[in-house]
Amino acid sequence: MKPIKVGLLGIGTVGAGTFNVLKRNQEEIMRRAGRSIEIAMVADLNLERARELTQGECEVVNDANLVVSNPEIDIVIELIGGYGIAKELVLKAIANGKHVVTANKALLATHGNEIFAAAQQKGVMVAFEAAVAGGIPIIKALREGLTANRIEWIAGIINGTTNFILSEMRDKGLDFATVLKQAQALGYAEADPTFDIEGVDAAHKATIMAAIAFGIPMQFDKAHVEGIARLEAVDIRYAEELGYRIKLLGITKRTEDGIELRVHPTLIPEKRLIANVEGAMNAVLVQGDAVGATLYYGKGAGSEPTASAVIADLVDITRLATADPEHRVPHLAFQPDSMSNLPILPMSEIVTSYYLRMHVADRTGVLADVTRILADSSISIDAMLQKEPAEGEAKTDIIILTHQTREKNIVAAIEKIQALDTVFGAVTKLRLEDLS
Ligand code: HSE
């Protein structure tokens, strides 16, 4: 059978990895795909670097439009990123009848509904394994491997930069700003780390996982997005004393009333495997009703780990390219006419446990006042830690872990606690997931 021809848009870190792995493992990949997969054309603004990387083995151009409009190209790999030109090129490729492979989580989480509708209409595939958790085949697992299950919830460490920072903060007892600078110097964090540290990147990935787990449209605009920039070293230490680690989790959960979709720093019992995922590694824990919990672990970024996911998509498309479009795996796992309209819940309606830290006067009755407010709000206390005041100090920290309650209840209780004249400053609130 004649080779399937691929056009690559952007030969940066992941593009170069894709080119190299495809070349290195060509024979093995061909035995799996049933035909040879050939990168026939590369578009990149840096022509010199693109030529150096491809060594004259394919055509190199600086105008991506030449790739998406070339009738010889069967599959377009979009590795440009962002929602601007990338969206335009992906839609053009689809309109020209080409299958698309993309690692662009931002594009899919925000414009995925439009892109998948266009692909459906044209009978082409849009594959995106590399968009979530890099080399971990989590899309394949959710969409195919777990297809028998009613997925109940997913909790993932899906941003390596923030996991690296949190690991360093805990290991070395350093504050966020110091570790961020070190992470930037080591190349673990970008010069502009906003998307990573503010939780946006993780929320893009959680949005995509929610869509394929529950058969709902992409709804990034309804996700709760909270990063780690305001997390204090003292809370990591207190959490550890109570037997917990703090991780930035992307969480999506099905409830009777709707879907929870949220990214925030989260306390997890240290005995859970996922709590021990350190450094820049990623892990995703999926709870299905039949299979129970399954955990997927690996590198969530990097040249060849991400290329591994891109090439898996190329092979899938190559195998299915000649299949009747009606009988391919649906883009979002569920048939387009069987999508659910379960709403994404507002944050005030989510149910979880909480960690509260308050700075209080070391005086009789303070703890009683605080616990009375919680009891009056039907919030049950699970554990408590009170520190001895420092020498000569009349104030101290109280840390309380609660059982599950609704977010709006805890917010109302915190307002009352903060109004006590024995409580100083704001109460720090973190969410806690048992993940059992
Ligand atoms: N910036 C991401 C991370 C990798 O730190 O995990 C690409 O999504």
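What follows is calculated from the coordinates using simple rules that are stated; it is not laboratory data. These numbers come from a predicted model, not from an experiment. Backbone-built Cβ (ideal geometry, glycine too); neighbour counts: all protein chains shown.
Setting aside same-chain residues fewer than 8 positions from Lys2, which lysines have a Cα under 20 Å from its Cα?
Cross-link targets: Lys23, Lys98.
Which entries in the list Lys87/Lys299; Lys205/Lys299; Lys395/Lys416 go over 23 Å, if you measure between the two C-alpha atoms of each?
Checking Cα-Cα distances, Lys87/Lys299 exceed 23 Å.
Across 10 Å bins from the origin, how do the percents of Cα pairs in the chain run, short distances first?
Pairs per bin, as whole percents: 4, 20, 28, 23, 13, 7, 4, 1, 0.
Could you grab the relative contact order for the range 276-384? Cα pairs under 8 Å, six or more apart, rounded to a whole percent.
Relative contact order for the range 276-384 comes out at 11 percent.
Determine ³J(HN,Hα), in whole Hz, for all residues of the range 325-334 in sequence, where each value follows from phi through the Karplus function 6.51 cos²θ - 1.76 cosθ + 1.60 and θ = phi - 60°; x replaces Gly and Pro.
Per residue, the Karplus-derived 3J(HN,Hα) values read x, 5, 10, 8, 5, x, 3, 9, 6, 9 Hz.
For Cα pairs less than 8 Å apart in space and 6+ apart in sequence, what is the mean separation divided by the residue count of the range 1-155, i.e. the relative contact order in percent?
After rounding, I find 19 percent.
Of the peptides 225-234, 12-21, how do they stack up when ordered by the mean number of other Cβ atoms within 10 Å, highest first?
12-21, 225-234
With contacts defined as alpha carbon pairs under 8 Å and 6 or more residues apart, what's the relative contact order of the range 189-299 in percent?
RCO, the range 189-299: 21 percent.
Restricting attention to the range 327-436, which GluC sites (Glu not before Pro) occupy a DSSP loop and are surrounded by at most 16 other Cβ atoms within 10 Å?
Hits after loop and neighbour filter: Glu391, Glu393.
Straight-line reach only, C-alpha to C-alpha below 15 angstrom: list the aspartates and glutamates that Lys172 could link to, leaving out same-chain residues fewer than 8 apart.
Output for Lys172: Glu232, Asp235, Glu240, Glu278.
Where in the range 53-94 are there GluC sites (Glu not before Pro) that are in a DSSP coil and have at most 16 other Cβ atoms within 10 angstrom of their Cβ?
Those satisfying the criteria are Glu57, Glu72.
Rounding to the nearest 10 and keeping the result within 0 to 90°, find how far the Cα-based axis of helix 407-419 lies from the longest principal axis of the chain.
The two axes meet at around 40 degrees.
Given the pairs Lys5/Lys92; Lys222/Lys408; Lys105/Lys408, which are separated by over 19 angstrom at their Cα positions?
Distance filter (> 19 Å) returns Lys105/Lys408.
In degrees between 0 and 90, to the nearest 10, how far off the longest principal axis of the chain does helix 160-172 point, with axes built from Cα atoms?
Roughly 40 degrees between the two axes.
How would you rank 274-281, 156-163, 209-216, 308-315, highest first, on the average number of other Cβ atoms within 10 Å across their residues?
156-163, 209-216, 308-315, 274-281
Can you pull the percent of Cα pairs in the range 347-432 with separation above 18 Å?
Here the long-distance tail beyond 18 Å is 37 percent of all Cα pairs in the range 347-432.
Based on the Cα coordinates of the range 138-299, what is the per residue volume of their convex hull in Å³?
Cα convex hull per residue, to the nearest whole number: 114 Å³.
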